[in-house]
Amino acid sequence: MSFKLARRRLLKAGVGAGAAGIMSALAPVRAQTRTRPLRMGVLTDMSGPYSNIGGPGSVEAVRMAAEDFGGRAGDLEIQVVSGDHQNKPDIGAGIARRWIETEGIDAILDVPTSSVALAVQHVARDKGIATVFASAAIESLTNEECSPTSIQYVYDTYSMANVTAKATIADGGDTWFFVTADYGVGHFMEKTVSNLVSASGGKVLGAVRAPLDTTDFSSFLLQAQASKAKIVAFANAGNDTVTCIKQAQEFGLVAGGQRLVALLLFLSDIDALGLQAAQGSLFTTSFYWDADEESRNWSTKYFSRMKRMPNDVQAGLYSAVTHYLKAVQAVGPVGTDAVRWMKGNEIRDFYAKSGRIGWNGRMYKDMYLVEAKKPAESRKPWDYLKVVRTSPASQSFRPETESKCKLRT
(Lines give C-alpha, C1' and ligand atoms only; values in the text may rest on other atoms or scores of the structure.)
Protein backbone atom coordinates (compact mmCIF):
# COMPACT_ATOMS: atom_id res chain seq x y z
CA MET A 1 0.00 0.00 0.00
CA SER A 2 1.36 3.39 -0.98
CA PHE A 3 2.31 6.01 1.58
CA LYS A 4 -0.43 8.40 0.30
CA LEU A 5 -3.18 5.79 0.61
CA ALA A 6 -2.06 4.81 4.09
CA ARG A 7 -1.97 8.47 5.11
CA ARG A 8 -5.49 9.05 3.76
CA ARG A 9 -6.80 6.06 5.74
CA LEU A 10 -5.10 7.25 8.91
CA LEU A 11 -6.52 10.77 8.51
CA LYS A 12 -10.01 9.39 7.88
CA ALA A 13 -9.78 7.20 10.95
CA GLY A 14 -8.50 10.15 12.99
CA VAL A 15 -11.33 12.42 11.92
CA GLY A 16 -13.83 9.69 12.70
CA ALA A 17 -12.34 9.11 16.10
CA GLY A 18 -12.25 12.85 16.79
CA ALA A 19 -15.90 13.23 15.80
CA ALA A 20 -16.85 10.27 17.92
CA GLY A 21 -14.91 11.78 20.82
CA ILE A 22 -16.68 15.10 20.42
CA MET A 23 -20.09 13.42 20.27
CA SER A 24 -19.19 11.35 23.30
CA ALA A 25 -18.24 14.50 25.20
CA LEU A 26 -21.44 16.28 24.21
CA ALA A 27 -23.76 13.41 25.02
CA PRO A 28 -23.61 13.80 28.82
CA VAL A 29 -24.26 17.57 28.50
CA ARG A 30 -27.34 17.03 26.40
CA ALA A 31 -28.65 14.20 28.51
CA GLN A 32 -28.07 15.78 31.88
CA THR A 33 -31.14 16.95 33.84
CA ARG A 34 -31.39 20.09 35.95
CA THR A 35 -30.41 19.52 39.57
CA ARG A 36 -30.69 22.98 41.14
CA PRO A 37 -33.95 23.71 43.01
CA LEU A 38 -37.01 25.46 41.64
CA ARG A 39 -36.85 28.86 43.35
CA MET A 40 -39.86 31.15 43.79
CA GLY A 41 -39.45 34.70 45.04
CA VAL A 42 -42.28 36.50 46.84
CA LEU A 43 -41.65 40.20 46.20
CA THR A 44 -43.99 42.18 48.43
CA ASP A 45 -44.53 45.01 50.92
CA MET A 46 -43.40 43.58 54.24
CA SER A 47 -43.95 46.58 56.51
CA GLY A 48 -45.52 49.46 54.57
CA PRO A 49 -49.09 50.53 53.70
CA TYR A 50 -49.90 47.31 51.81
CA SER A 51 -48.28 44.81 54.20
CA ASN A 52 -51.68 43.58 55.43
CA ILE A 53 -52.85 42.99 51.86
CA GLY A 54 -49.87 40.87 50.79
CA GLY A 55 -46.80 41.00 53.02
CA PRO A 56 -45.98 38.14 55.39
CA GLY A 57 -49.39 36.62 54.67
CA SER A 58 -48.49 36.23 51.00
CA VAL A 59 -45.16 34.62 51.87
CA GLU A 60 -46.91 32.11 54.11
CA ALA A 61 -49.53 31.30 51.45
CA VAL A 62 -46.75 30.49 48.97
CA ARG A 63 -45.00 28.28 51.52
CA MET A 64 -48.26 26.45 52.18
CA ALA A 65 -48.73 25.83 48.45
CA ALA A 66 -45.18 24.47 48.12
CA GLU A 67 -45.61 22.18 51.14
CA ASP A 68 -49.03 20.92 50.04
CA PHE A 69 -47.55 20.13 46.62
CA GLY A 70 -45.10 17.81 48.35
CA GLY A 71 -42.07 20.10 48.34
CA ARG A 72 -41.10 19.10 44.81
CA ALA A 73 -42.27 19.91 41.29
CA GLY A 74 -41.31 16.91 39.23
CA ASP A 75 -37.64 16.24 40.06
CA LEU A 76 -37.01 19.72 41.41
CA GLU A 77 -36.97 20.65 45.07
CA ILE A 78 -39.06 23.77 45.73
CA GLN A 79 -37.52 26.73 47.57
CA VAL A 80 -39.29 29.95 48.59
CA VAL A 81 -37.52 33.26 49.25
CA SER A 82 -38.97 36.70 49.94
CA GLY A 83 -38.03 40.33 49.45
CA ASP A 84 -39.38 43.74 50.52
CA HIS A 85 -39.59 46.21 47.63
CA GLN A 86 -40.61 49.08 49.98
CA ASN A 87 -43.12 50.25 47.33
CA LYS A 88 -40.29 51.70 45.24
CA PRO A 89 -39.99 50.69 41.56
CA ASP A 90 -36.20 50.97 41.47
CA ILE A 91 -35.80 48.75 44.54
CA GLY A 92 -38.31 46.22 43.21
CA ALA A 93 -36.67 46.05 39.80
CA GLY A 94 -33.24 45.78 41.43
CA ILE A 95 -34.29 42.85 43.61
CA ALA A 96 -35.90 41.11 40.64
CA ARG A 97 -32.76 41.55 38.52
CA ARG A 98 -30.48 40.25 41.29
CA TRP A 99 -32.75 37.30 41.96
CA ILE A 100 -32.79 36.32 38.29
CA GLU A 101 -29.15 36.96 37.41
CA THR A 102 -27.36 35.70 40.52
CA GLU A 103 -29.80 33.71 42.66
CA GLY A 104 -31.51 31.46 40.15
CA ILE A 105 -35.10 32.60 40.72
CA ASP A 106 -37.59 30.91 38.36
CA ALA A 107 -40.77 32.81 39.28
CA ILE A 108 -41.62 36.13 40.92
CA LEU A 109 -44.87 36.36 42.88
CA ASP A 110 -47.32 38.85 44.46
CA VAL A 111 -45.81 42.38 43.84
CA PRO A 112 -48.19 44.96 45.33
CA THR A 113 -47.94 48.59 44.17
CA SER A 114 -48.61 48.92 40.47
CA SER A 115 -45.58 51.09 39.66
CA VAL A 116 -43.35 48.38 41.17
CA ALA A 117 -45.24 45.64 39.36
CA LEU A 118 -44.78 47.33 35.98
CA ALA A 119 -41.05 47.79 36.62
CA VAL A 120 -40.65 44.16 37.70
CA GLN A 121 -42.67 42.93 34.73
CA HIS A 122 -40.23 44.65 32.33
CA VAL A 123 -37.26 42.93 33.97
CA ALA A 124 -38.94 39.52 34.08
CA ARG A 125 -40.14 39.75 30.47
CA ASP A 126 -36.62 40.51 29.23
CA LYS A 127 -35.26 37.54 31.18
CA GLY A 128 -38.10 35.13 30.31
CA ILE A 129 -39.09 34.63 33.96
CA ALA A 130 -42.63 33.67 35.01
CA THR A 131 -44.36 36.40 37.03
CA VAL A 132 -47.67 36.00 38.87
CA PHE A 133 -49.24 39.22 40.16
CA ALA A 134 -51.64 38.74 43.07
CA SER A 135 -51.95 42.15 44.71
CA ALA A 136 -50.92 44.49 41.88
CA ALA A 137 -54.16 46.04 40.62
CA ILE A 138 -53.34 48.17 37.57
CA GLU A 139 -55.12 46.71 34.54
CA SER A 140 -52.34 47.64 32.11
CA LEU A 141 -50.34 44.61 33.33
CA THR A 142 -52.55 42.47 31.10
CA ASN A 143 -53.63 45.24 28.75
CA GLU A 144 -51.16 47.67 27.10
CA GLU A 145 -48.15 46.28 29.00
CA CYS A 146 -49.01 42.57 28.77
CA SER A 147 -46.18 40.03 28.74
CA PRO A 148 -45.95 36.40 27.54
CA THR A 149 -44.44 35.45 30.91
CA SER A 150 -46.89 37.27 33.23
CA ILE A 151 -50.27 36.50 34.79
CA GLN A 152 -52.55 38.80 36.80
CA TYR A 153 -54.45 36.37 38.99
CA VAL A 154 -56.68 37.93 41.68
CA TYR A 155 -58.29 41.17 40.46
CA ASP A 156 -57.60 44.37 38.57
CA THR A 157 -58.66 48.00 38.73
CA TYR A 158 -61.40 47.49 36.14
CA SER A 159 -63.13 44.57 37.89
CA MET A 160 -62.99 46.09 41.38
CA ALA A 161 -64.40 49.42 40.23
CA ASN A 162 -66.85 47.93 37.72
CA VAL A 163 -68.65 45.44 40.01
CA THR A 164 -68.96 47.82 42.97
CA ALA A 165 -70.03 50.83 40.92
CA LYS A 166 -72.71 49.02 38.91
CA ALA A 167 -74.32 47.63 42.07
CA THR A 168 -74.20 50.98 43.87
CA ILE A 169 -75.69 52.85 40.91
CA ALA A 170 -78.47 50.27 40.59
CA ASP A 171 -79.25 50.83 44.28
CA GLY A 172 -79.88 54.54 43.72
CA GLY A 173 -76.35 55.93 44.06
CA ASP A 174 -76.59 58.56 41.35
CA THR A 175 -74.33 61.30 42.79
CA TRP A 176 -70.67 60.64 43.63
CA PHE A 177 -67.65 62.34 45.19
CA PHE A 178 -64.18 60.78 44.93
CA VAL A 179 -61.28 60.77 47.35
CA THR A 180 -58.60 59.44 45.04
CA ALA A 181 -55.02 58.26 45.55
CA ASP A 182 -52.79 60.44 43.41
CA TYR A 183 -51.20 57.62 41.41
CA GLY A 184 -52.14 55.31 38.55
CA VAL A 185 -54.47 52.87 40.31
CA GLY A 186 -56.49 55.65 41.93
CA HIS A 187 -56.82 57.64 38.71
CA PHE A 188 -57.89 54.57 36.75
CA MET A 189 -60.56 53.51 39.23
CA GLU A 190 -61.97 57.03 39.44
CA LYS A 191 -62.16 57.25 35.64
CA THR A 192 -63.80 53.83 35.30
CA VAL A 193 -66.49 54.61 37.86
CA SER A 194 -67.04 58.17 36.61
CA ASN A 195 -67.77 56.82 33.13
CA LEU A 196 -70.29 54.32 34.54
CA VAL A 197 -71.97 57.03 36.63
CA SER A 198 -72.27 59.37 33.65
CA ALA A 199 -73.53 56.59 31.36
CA SER A 200 -76.30 55.80 33.85
CA GLY A 201 -77.45 59.42 34.02
CA GLY A 202 -75.80 60.15 37.37
CA LYS A 203 -73.39 62.94 38.26
CA VAL A 204 -69.90 63.23 39.69
CA LEU A 205 -70.05 66.20 42.06
CA GLY A 206 -66.34 66.43 42.75
CA ALA A 207 -63.01 64.72 43.34
CA VAL A 208 -59.86 65.36 45.34
CA ARG A 209 -56.40 63.78 45.04
CA ALA A 210 -54.35 62.65 48.04
CA PRO A 211 -50.74 61.38 48.08
CA LEU A 212 -49.84 57.86 49.17
CA ASP A 213 -49.72 57.27 52.93
CA THR A 214 -51.72 60.37 53.87
CA THR A 215 -52.55 60.39 57.59
CA ASP A 216 -54.99 63.30 57.74
CA PHE A 217 -57.87 63.28 55.24
CA SER A 218 -59.94 65.89 57.09
CA SER A 219 -59.82 68.58 54.39
CA PHE A 220 -60.74 66.05 51.70
CA LEU A 221 -63.59 64.59 53.73
CA LEU A 222 -65.01 67.99 54.54
CA GLN A 223 -65.21 68.68 50.80
CA ALA A 224 -66.93 65.33 50.28
CA GLN A 225 -69.40 66.13 53.06
CA ALA A 226 -70.14 69.59 51.67
CA SER A 227 -70.83 68.15 48.20
CA LYS A 228 -73.95 66.35 49.52
CA ALA A 229 -73.11 63.43 47.21
CA LYS A 230 -74.98 60.24 48.05
CA ILE A 231 -71.83 58.20 47.53
CA VAL A 232 -68.36 59.05 48.83
CA ALA A 233 -65.96 56.74 46.99
CA PHE A 234 -62.42 55.98 48.10
CA ALA A 235 -60.25 55.21 45.07
CA ASN A 236 -57.22 54.17 47.11
CA ALA A 237 -56.00 51.11 49.01
CA GLY A 238 -54.36 49.76 52.15
CA ASN A 239 -53.75 52.07 55.08
CA ASP A 240 -55.12 55.03 53.10
CA THR A 241 -58.54 53.39 52.74
CA VAL A 242 -58.61 52.36 56.40
CA THR A 243 -57.77 55.90 57.49
CA CYS A 244 -60.39 57.38 55.14
CA ILE A 245 -63.18 55.20 56.49
CA LYS A 246 -62.24 55.80 60.13
CA GLN A 247 -62.08 59.57 59.68
CA ALA A 248 -65.27 59.64 57.59
CA GLN A 249 -67.10 57.99 60.47
CA GLU A 250 -65.61 60.51 62.90
CA PHE A 251 -66.74 63.42 60.71
CA GLY A 252 -70.26 62.01 60.60
CA LEU A 253 -70.55 61.35 56.87
CA VAL A 254 -72.44 58.09 57.38
CA ALA A 255 -74.58 59.53 60.17
CA GLY A 256 -75.46 62.34 57.79
CA GLY A 257 -76.81 59.93 55.18
CA GLN A 258 -73.84 59.53 52.84
CA ARG A 259 -72.70 56.04 51.87
CA LEU A 260 -69.05 55.03 51.82
CA VAL A 261 -67.83 52.91 48.92
CA ALA A 262 -64.27 51.54 48.87
CA LEU A 263 -63.09 50.56 45.41
CA LEU A 264 -60.15 48.46 46.66
CA LEU A 265 -60.87 47.02 50.11
CA PHE A 266 -59.84 43.75 51.77
CA LEU A 267 -60.86 41.50 54.65
CA SER A 268 -57.66 42.53 56.44
CA ASP A 269 -58.81 46.16 56.19
CA ILE A 270 -62.16 45.31 57.78
CA ASP A 271 -60.29 43.62 60.61
CA ALA A 272 -58.14 46.72 61.09
CA LEU A 273 -61.21 48.97 61.08
CA GLY A 274 -63.51 46.88 63.26
CA LEU A 275 -67.16 46.41 62.32
CA GLN A 276 -68.28 49.48 64.23
CA ALA A 277 -66.40 51.69 61.77
CA ALA A 278 -66.63 49.42 58.71
CA GLN A 279 -70.32 48.46 58.87
CA GLY A 280 -72.18 49.04 55.63
CA SER A 281 -69.04 49.42 53.52
CA LEU A 282 -69.61 47.87 50.11
CA PHE A 283 -66.78 46.43 48.04
CA THR A 284 -65.77 43.69 45.61
CA THR A 285 -63.65 40.66 46.38
CA SER A 286 -62.63 37.49 44.55
CA PHE A 287 -62.76 35.32 47.70
CA TYR A 288 -64.33 35.18 51.16
CA TRP A 289 -63.07 32.68 53.70
CA ASP A 290 -66.56 31.75 54.99
CA ALA A 291 -68.26 31.38 51.60
CA ASP A 292 -68.48 27.56 51.61
CA GLU A 293 -66.99 24.41 53.12
CA GLU A 294 -63.97 24.32 50.81
CA SER A 295 -63.00 27.92 51.51
CA ARG A 296 -63.50 27.42 55.27
CA ASN A 297 -61.32 24.30 55.34
CA TRP A 298 -58.40 25.96 53.58
CA SER A 299 -58.78 29.20 55.54
CA THR A 300 -58.80 27.34 58.86
CA LYS A 301 -55.47 25.78 57.92
CA TYR A 302 -54.10 29.20 57.01
CA PHE A 303 -55.41 30.63 60.29
CA SER A 304 -53.56 27.96 62.27
CA ARG A 305 -50.30 29.37 60.89
CA MET A 306 -51.02 33.10 60.72
CA LYS A 307 -53.63 33.59 63.49
CA ARG A 308 -55.78 35.57 61.06
CA MET A 309 -58.06 34.67 58.19
CA PRO A 310 -56.77 35.12 54.62
CA ASN A 311 -57.90 37.84 52.27
CA ASP A 312 -58.40 37.25 48.56
CA VAL A 313 -54.77 38.08 47.70
CA GLN A 314 -53.43 35.37 49.99
CA ALA A 315 -55.99 32.76 48.95
CA GLY A 316 -55.50 33.64 45.28
CA LEU A 317 -51.73 33.43 45.57
CA TYR A 318 -51.97 29.90 47.01
CA SER A 319 -54.18 28.90 44.07
CA ALA A 320 -51.88 30.57 41.53
CA VAL A 321 -48.73 28.94 42.90
CA THR A 322 -50.39 25.51 42.90
CA HIS A 323 -51.36 26.04 39.25
CA TYR A 324 -47.81 27.18 38.44
CA LEU A 325 -46.28 24.12 40.12
CA LYS A 326 -48.55 21.87 38.07
CA ALA A 327 -47.22 23.63 34.99
CA VAL A 328 -43.60 23.12 36.03
CA GLN A 329 -44.31 19.46 36.71
CA ALA A 330 -45.88 19.10 33.26
CA VAL A 331 -43.56 21.14 31.01
CA GLY A 332 -40.60 22.32 33.10
CA PRO A 333 -39.53 25.62 34.68
CA VAL A 334 -38.95 27.75 31.57
CA GLY A 335 -41.12 30.83 32.08
CA THR A 336 -42.79 30.98 28.66
CA ASP A 337 -43.53 27.23 28.71
CA ALA A 338 -45.00 27.30 32.22
CA VAL A 339 -47.20 30.32 31.53
CA ARG A 340 -48.41 28.82 28.25
CA TRP A 341 -49.45 25.66 30.13
CA MET A 342 -51.21 27.73 32.80
CA LYS A 343 -53.22 29.54 30.11
CA GLY A 344 -54.24 26.25 28.52
CA ASN A 345 -55.57 24.52 31.64
CA GLU A 346 -58.66 25.29 33.72
CA ILE A 347 -58.42 26.09 37.43
CA ARG A 348 -60.78 24.30 39.82
CA ASP A 349 -60.10 24.64 43.52
CA PHE A 350 -61.41 26.29 46.70
CA TYR A 351 -60.53 29.71 45.25
CA ALA A 352 -61.70 29.40 41.66
CA LYS A 353 -64.55 27.01 40.96
CA SER A 354 -64.09 27.47 37.24
CA GLY A 355 -61.21 29.80 36.47
CA ARG A 356 -59.27 30.32 33.27
CA ILE A 357 -56.34 32.46 32.20
CA GLY A 358 -56.90 34.39 29.00
CA TRP A 359 -54.41 34.85 26.19
CA ASN A 360 -53.60 38.29 27.65
CA GLY A 361 -52.59 36.83 31.04
CA ARG A 362 -55.75 37.89 32.93
CA MET A 363 -57.29 35.20 35.16
CA TYR A 364 -61.08 35.19 34.79
CA LYS A 365 -63.36 33.99 37.60
CA ASP A 366 -66.55 35.04 39.34
CA MET A 367 -66.31 38.02 41.69
CA TYR A 368 -68.38 38.80 44.78
CA LEU A 369 -70.02 42.02 45.91
CA VAL A 370 -69.84 42.02 49.72
CA GLU A 371 -70.96 44.28 52.53
CA ALA A 372 -69.42 44.68 55.97
CA LYS A 373 -71.85 43.46 58.62
CA LYS A 374 -73.19 45.44 61.53
CA PRO A 375 -71.55 44.41 64.81
CA ALA A 376 -74.79 42.73 65.97
CA GLU A 377 -74.84 40.54 62.84
CA SER A 378 -71.42 38.99 63.50
CA ARG A 379 -71.76 35.54 65.13
CA LYS A 380 -68.13 34.43 65.45
CA PRO A 381 -64.56 35.72 65.09
CA TRP A 382 -63.81 37.02 61.59
CA ASP A 383 -67.50 36.87 60.67
CA TYR A 384 -67.26 40.26 58.96
CA LEU A 385 -68.91 40.07 55.56
CA LYS A 386 -72.08 39.04 53.80
CA VAL A 387 -72.16 38.26 50.10
CA VAL A 388 -74.66 40.57 48.42
CA ARG A 389 -74.38 39.04 44.95
CA THR A 390 -72.15 37.01 42.68
CA SER A 391 -70.87 38.77 39.56
CA PRO A 392 -70.00 36.34 36.74
CA ALA A 393 -66.54 36.66 35.25
CA SER A 394 -68.04 37.76 31.93
CA GLN A 395 -69.67 40.76 33.65
CA SER A 396 -66.81 41.58 36.00
CA PHE A 397 -63.73 42.01 33.83
CA ARG A 398 -63.11 44.00 30.68
CA PRO A 399 -64.13 41.90 27.67
CA GLU A 400 -61.15 40.29 25.96
CA THR A 401 -62.33 41.77 22.66
CA GLU A 402 -61.54 45.22 24.11
CA SER A 403 -58.04 44.28 25.26
CA LYS A 404 -55.10 46.32 23.97
CA CYS A 405 -52.70 43.45 24.62
CA LYS A 406 -50.67 42.68 21.48
CA LEU A 407 -49.72 39.09 22.26
CA ARG A 408 -52.14 37.81 19.60
CA THR A 409 -50.80 40.03 16.84
In region 128-139, the residues that are at pLDDT 95 or above and over 17 Å from V62 (Cα atoms)
G128, I129
Can you confirm whether region 324-347 contains a residue that is within 24 Å of T390 (Cβ to Cβ) and either part of a helix (DSSP H, G or I) or among the aromatic types (F, W, Y) (or both)?
no
Please find, among A352, A330, A376, the residue that is free of Cβ contacts under 8 Å to residues at least 12 places away in the same chain and under 30 Å from A272 (Cα atoms).
A376
Any chance W359 is under 18 Å from S147 (Cβ atoms) and in a loop (DSSP other than H, G, I, E, B)
yes
Quick check: is even one residue across region 213-231 touching a strand residue (DSSP E or B) at 6+ places or on another chain (Cβ under 8 Å) and closer than 26 Å to V313 by Cα?
no
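Can you tell me which of F188, F234 is touching a residue at least 40 places away in the same chain (Cβ under 8 Å), more than 24 Å from D271 (Cα to Cα) and either within 31 Å of the chain's Cα centre (by Cα) or not in a helix (DSSP H, G or I) (or both)?
On the way: F234 fails: more than 24 Å from D271 (Cα to Cα).
The unique qualifying residue is F188.
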Scan region 355-408 residue by residue and report those that are surrounded by fewer than 13 Cβ atoms within 10 Å (Cβ to Cβ) and under 21 Å from A130 (Cα atoms).
K406, R408
Please work out if V81 is closer than 24 Å to T214 by Cβ and at pLDDT 95 or above.
no
The conditions are (1) touching a strand residue (DSSP E or B) at 6+ places or on another chain (Cβ under 9 Å); (2) part of a helix (DSSP H, G or I); (3) of a type outside the set (V, I, T); (4) in contact (Cβ under 8 Å) with a residue 24 or more places away in the chain, and Q247 fails exactly one of them. Which is it?
(1)
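Can you tell me which residue is surrounded by the most Cβ atoms within 10 Å (Cβ to Cβ) among those in region 213-231 that are in a loop (DSSP other than H, G, I, E, B) and out of contact with any helix residue (DSSP H, G or I) (no Cβ under 7 Å at 6 or more places or on another chain)?
The extreme case among them is A229.
Does I78 satisfy the condition of being in contact (Cβ under 8 Å) with a residue 24 or more places away in the chain, part of a loop (DSSP other than H, G, I, E, B) and surrounded by 16 or more Cβ atoms within 10 Å (Cβ to Cβ)?
Details: in contact (Cβ under 8 Å) with a residue 24 or more places away in the chain: yes; part of a loop (DSSP other than H, G, I, E, B): no; surrounded by 16 or more Cβ atoms within 10 Å (Cβ to Cβ): yes.
So I78 fails the test.
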From V116, V179, which residue is modelled with pLDDT of 95 or more and touching a Phe, Trp or Tyr at 6+ places or on another chain (Cβ under 8 Å)?
V179
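Within region 101-137, can you find the residues that are surrounded by fewer than 24 Cβ atoms within 10 Å (Cβ to Cβ) and either on the phi < 0 side of the Ramachandran plot or acidic (D, E) (or both)?
Our first condition is that a residue be surrounded by fewer than 24 Cβ atoms within 10 Å (Cβ to Cβ); within region 101-137, this holds for 101-104, 115, 118-119, 122-123, 125-128.
Listed by number, the residues that qualify are E101, T102, E103, S115, L118, A119, H122, V123, R125, D126, K127.
The values are calculated or read from the model by the stated rules, or taken from the named source; none is laboratory data. Bear in mind that the values here come from a model prediction, so they are computed numbers and not experimental data. With ideal geometry, Cβ positions are generated from the backbone for all residues, glycine too; neighbour counts draw on all protein chains shown.
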